[in-house]
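The values are calculated or read from the model by the stated rules, or taken from the named source; none is laboratory data. The structure displayed is predicted, hence computed values, not measured ones. Don't worry about glycine lacking a Cβ; one is built from the backbone with ideal geometry, like all the others, and counts go over all protein chains shown. Remember, those area values only see protein heavy atoms, side chains included, never the ligands or the DNA or RNA. Shrake-Rupley method; radii C 1.70, N 1.55, O 1.52, S 1.80 Å.
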Amino acid sequence: MTMDIAAVRADFPILARTVNGKPLAYLDNAATSQKPRQVLEAVDRYYRQNNANVHRGVHTLASESTVLYEEAHQKAAAFLNARSWQEIIFVRNTTEALNLAATALALGHLKPGDEVLITRVDHHSNIIPWFLLKERFGILTRMVDALPDGTLDLEDFKAKLAGRPKVVAMTHVSNVTGWISPLERLIPLAHEAGALVVVDGAQAVPHFPVDVQALDADFYAFSGHKVLAPMGIGVLYGKRELLTRLPPFLGGGDMLETVCVVGGVCSLCLKALPWKYEAGTANVDGAVGLTAAIDYLAGLGWDAVRPHEESLFRRTVEGMRRMKHVRLIGPEDLSRRVGCVPFTVEGLSASEVATALDGEGIAIRSGFHCAQPLHERLGLSSSARISLAFYNTEAEVDRCLAVLESLG
Ligand code: PMP
């Protein structure tokens, strides 16, 4: 299936702007995606027509808003192929989702001295929440190493499973190299070793369909903003059995059926899933935007999105491989990667490279991309990163390559 790229780009108003007098080429999609007008209009329509607090009233607007919010859970459940919409908890972002999973597991599943296996390939948001459990709960972490190409050391993974960790926390796709982890092999190994598996899917869901049942992930997290939705809406999927058994992380309004105070003691009856984990006023506009984002992607179809992204990725890497002053980072095999291209340029810092590109209207990321342990393993303090989306064009890639060529 092919994609009408001009029509797609016309859906993204921001792509028409200029930066430093040049047309914007937005190649920083792993940091956040741009939003199609269908998402912008859905959020605008929500505030113009439906805005009210959910689950808090019998009036028409409250009912409409509640329906939209619950529909968004159903949409996200279908997007991940969860068994039930009640397995979808809305949070702010991947970071909050992973902190929620870590804290709920610490409160209801783990004991002091238990071990969590984390990985060097992960973003800080799937490392730090687990480290923090040590001080608060006495829970220990061990880190699986990375290979020199930035992929997970699978032998080390297997060896460390022998230590019988209770939880394995790992990414689906690296935000530095775009490497797709072989979760279909790793999750069964972790389960055989008796561990629950928490997956960071932030960089996976924008690029290919994810099926949490086929993966058999116990928890799966992603951020709406990286997949066309507004900032401030994220998803934690959890298996019903676990979410039912574990305690909530936040307490407050909208998560309780009843609260009785007898003799100064509070007795709580928590609401059914997912509301038990969603205390306080919800991000309904974000949820409405997420519904529109998922619908938009479904309208395009992965069969159209994937080949276009793959061809842009190959064009970028092949162009850069010809440049002697550019060092590409990440595995050579592009077939197990999404369109993330980390690199360094001889004699220039990553931020100098990004600044030179910005001068030409081209946006890329520089720094260590919240993945310092991986950069350390790669012997780098920082890198520049081009990250592609389906709305990018060959012309944008070529403009970027031309600037990089000129830096030699
Ligand atoms: N995990 C990965 C793999 C990411 O790329 C990111 C964002 N860079 C995050 C987690 C954190 O996402 P957020 O800031 O939306 O919580």
Original post:
Restricting to the range 118-166, what's the tally of residues that are open to solvent by 40 Å² or more (accessible area, probe 1.4 Å), part of a loop (DSSP other than H, G, I, E, B), over 23 Å from N99 (Cβ atoms) and touching a helix residue (DSSP H, G or I) at 6+ places or on another chain (Cβ under 9 Å)?
Top reply: 3
**OP:** Among residues belonging to the range 1-57 that are out of contact with any helix residue (DSSP H, G or I) (no Cβ under 7 Å at 6 or more places or on another chain) and polar (S, T, N, Q), point out the one that is farthest from E394 (Cα to Cα).
**Re:** Q49
Original post:
Within the range 297-315, is there a residue that is open to solvent by less than 50 Å² (accessible area, probe 1.4 Å) and closer than 30 Å to L61 by Cα?
Top reply: yes
Subject >> Hits in the range 352-377 (condition: crowded, with 23+ Cβ neighbours inside 10 Å and within 19 Å of A146 (Cβ to Cβ)) >> reply: H369, A371, L374
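Per-residue answers, yes or no, for (1) touching a strand residue (DSSP E or B) at 6+ places or on another chain (Cβ under 7 Å); (2) among the small types (G, A, S); (3) modelled with pLDDT of 95 or more; (4) surrounded by 24 or more Cβ atoms within 10 Å (Cβ to Cβ):
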| position | (1), (2), (3), (4) |
| --- | --- |
| V212 | yes, no, yes, no |
| V235 | yes, no, yes, yes |
| V262 | no, no, no, no |
| A279 | no, yes, no, no |
| N283 | yes, no, yes, no |
Original post:
Does any residue in the range 81-104 that is more than 13 Å from the ligand (Cβ to nearest atom) come within less than 6 Å, Cβ to Cβ, of a residue that is open to solvent by 40 Å² or more (accessible area, probe 1.4 Å) six or more places away or on a different chain, and which pairs are these?
Top reply: N81/D211; N81/Q213; W85/Q74; E87/R240; T103/F249; A104/F249
Original post:
List, please: which pairs have Cβ atoms under 7 Å, are six or more places apart or on different chains, and start with a residue in the range 288-303 that is under 21 Å from V91 (Cα atoms) and end with one that is exposed (fewer than 15 other Cβ atoms within 10 Å of the Cβ)?
Top reply: T291/E71
Original post:
Say we look at the range 159-180 and pick out the residues that are of a type in the set (S, T, N, Q) and closer than 16 Å to S125 by Cβ; which of these is nearest to the ligand (Cβ to nearest atom)?
Top reply: N175
Subject >> Whichever residue in the range 225-242 is under 15 Å from E278 (Cβ atoms) and not hydroxyl-bearing (S, T, Y) and, among such residues, is nearest to the ligand (Cβ to nearest atom) >> reply: G234
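Taking the range 45-63 as the search range and keeping residues that are among the aliphatic types (A, V, I, L, M) and part of a helix (DSSP H, G or I), which one is least open to solvent (accessible area, probe 1.4 Å)?
Looking at residues that are among the aliphatic types (A, V, I, L, M) and part of a helix (DSSP H, G or I), I get A62.
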Subject >> Selection count, the range 355-372, where residues are in contact with a Leu (Cβ under 7 Å, 6 or more places away or on another chain) and within 16 Å of the ligand (Cβ to nearest atom) >> reply: 2
Original post:
Within the range 93-102, is there a residue that is in a strand (DSSP E or B) and closer than 30 Å to F368 by Cβ?
Top reply: no
**OP:** Please identify the pairs in which a residue from the range 32-50 that is more than 15 Å from I14 (Cβ to Cβ) has its Cβ atom under 6 Å from the Cβ atom of a residue that is of a type in the set (A, V, I, L, M, F, W, C) and open to solvent by less than 30 Å² (accessible area, probe 1.4 Å), counting only partners at least 6 apart or on another chain.
**Re:** A42/V288; A42/A292; Y46/V288
Subject >> Residues of the range 391-408 satisfying the condition of being open to solvent by 10 Å² or more (accessible area, probe 1.4 Å), modelled with pLDDT of 95 or more and not in a helix (DSSP H, G or I) >> reply: T393, L407
